[in-house]
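Okay, structure first, notes after.
The values are calculated or read from the model by the stated rules, or taken from the named source; none is laboratory data. Note that the coordinates shown come from a computational prediction; the quantities given were computed from them, not determined experimentally. Every residue, glycine as well, gets a Cβ built from its backbone with ideal geometry; the counts of neighbours run over all protein chains shown. To get the accessible areas, we keep the full protein, side chains included, count just its heavy atoms, and leave off ligands, DNA and RNA. Shrake-Rupley method; radii C 1.70, N 1.55, O 1.52, S 1.80 Å.
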Amino acid sequence: LPSLPTEKGWVAANLHQYQGFWHTTRQLAGVLSCQKHFQAKNSDILLVTNPKSGTTWLKAITFSLLNRSRYPDFAHQHPLLTNNPHVLVPFLELDLYIHKNQLPNLSSFASPRLFSTHLPYISLPKSVKLSTCKVVYLCRNPKDTFVSLWHFTNRLRSISKSSNPIEESFRKFCRGVSLYGPFWDHVLGYWKESLERSERVLFLKFEEMKENPILEIRRLAEFIGCPFSPEEEENGVVEDIMRLCSFETLSNLEVNKNGKISSGEENKAFFRRGEVGDWMNYLTAEMAQELDSITQQKLNGCGLMF
Ligand code: A3P
């Protein structure tokens, strides 16, 4: 696998290009292992995102939807009140298959099994593509995704903003060199699948979820096969799930203020502002224009817009 000698790398480590996308060395080991060993079941549900597109939020909502009869008390006794969403819904390549010589035991996962991944469509394990498992893809506009990623990376590696100038990271992002990048190819892979196989791939947008969370939560519930009953609608269960999974609720929980996930990342690193349009505070007009123009070019004619 070629490393990238001319780049210092997005996270101060060499990035490797594999099947057209960029990965850290550690990540890539997980990607290869999960491609080789993961056996999808038709009943599985796979949550897919570009990093910093709202993965944490999507995990919380989907977990709550699937487990709402088991944990009906959203305000007092719910696993999300004491566990970070990433603990409840593991990543295939970053959690379950990250250890080279140790395959995960998935027998404790109740059906439907719920997993997540940042893998681009082309790199999904064969068994996923051959199965009829459900894939939920959540994307976010590239400007906010980039800004969120820049903050997250600085924090993760304890890099100060001054030693990782936003301009440098921006140049790389625009050239497609970012974790699981190029951003646009990642989005397009799933967008095309969602058009061709809409019963298999649901395509969601962070901005639409912020705009109308109730509607999007209902859509998601239907897609994964657990629509709300008239009784649940009447009892406000959709609203309960929306409230529990909101940025305000999750980011203010003790567990998300202080805890860490197994990879050592602080839970609070997954909650920064949770808004649409924060890019305006970081990108110059020229940068925004450049990113818009790349996006326009890349998505030209495909029917997807940000
Ligand atoms: P910002 O950095 O713009 O605040 P991911 O979960 O894919 O790592 O993405 C993290 C981004 O989603 C961060 O964006 C984070 O604040 C935001 N986020 C986390 N939980 C959220 C929630 N419940 N609702 C809305 N946004 C959320």
**Message:** For segment 43-59, give me each residue that is in contact with a Phe, Trp or Tyr (Cβ under 9 Å, 6 or more places away or on another chain), open to solvent by less than 20 Å² (accessible area, probe 1.4 Å), within 11 Å of the ligand (Cβ to nearest atom) and not hydrophobic (A, V, I, L, M, F, W, C).
**Reply:** THR49, ASN50, PRO51, SER53, GLY54, THR55, THR56
**Asked** Which numbered condition trips up THR62, out of (1) modelled with pLDDT of 95 or more; (2) away from the ligand (no atom under 16 Å from the Cβ)?
**Response** (2)
**Request:** Tally the residues that are within 19 Å of SER148 (Cβ to Cβ) and at pLDDT 95 or above, restricting the search to segment 269-306.
**Result:** 22
**Prompt:** Quick check: is even one residue across segment 294-306 closer than 30 Å to PRO72 by Cα, of a type in the set (Ser, Thr, Tyr) and open to solvent by less than 70 Å² (accessible area, probe 1.4 Å)?
**Reply:** no
**Message:** I'd like to verify a number: residues in segment 252-284 that are open to solvent by less than 60 Å² (accessible area, probe 1.4 Å) and either more than 17 Å from the chain's Cα centre (by Cα) or more than 11 Å from the ligand (Cβ to nearest atom) (or both), how many?
**Reply:** 11
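Condition check: within 19 Å of THR145 (Cβ to Cβ), touching a helix residue (DSSP H, G or I) at 6+ places or on another chain (Cβ under 6 Å) and either exposed (fewer than 12 other Cβ atoms within 10 Å of the Cβ) or of a type outside the set (A, V, I, L, M) (or both). Does PHE247 satisfy that? Working first, answer last.
Working: within 19 Å of THR145 (Cβ to Cβ): yes; touching a helix residue (DSSP H, G or I) at 6+ places or on another chain (Cβ under 6 Å): no; either exposed (fewer than 12 other Cβ atoms within 10 Å of the Cβ) or of a type outside the set (A, V, I, L, M) (or both): yes.
No.
Mind listing whichever residues of segment 83-115 are of a type in the set (Phe, Trp, Tyr) and either farther than 14 Å from LEU46 by Cβ or free of Cβ contacts under 8 Å to residues at least 24 places away in the same chain (or both)? Break it down stepwise before answering.
Of all residues in segment 83-115, those of a type in the set (Phe, Trp, Tyr) come to 91, 97, 109, 115.
Once the filter is applied, which keeps residues that are of a type in the set (Phe, Trp, Tyr) and either farther than 14 Å from LEU46 by Cβ or free of Cβ contacts under 8 Å to residues at least 24 places away in the same chain (or both), segment 83-115 yields only PHE109.
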**Message:** Anything in segment 126-153 that is open to solvent by less than 10 Å² (accessible area, probe 1.4 Å) and touching a strand residue (DSSP E or B) at 6+ places or on another chain (Cβ under 9 Å)? List them, or say none.
**Reply:** VAL128, CYS133, VAL135, VAL136, TYR137, LEU138, CYS139, THR145
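Residues checked against (1) more than 19 Å from GLY30 (Cβ to Cβ); (2) without any contact (Cβ under 8 Å) to a residue 40 or more places away in the chain; (3) touching a His at 6+ places or on another chain (Cβ under 7 Å):
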position	(1), (2), (3)
ILE122	no, no, no
PRO125	no, no, no
LYS129	no, yes, no
ASP144	yes, no, no
TRP150	yes, no, no
THR153	no, no, no
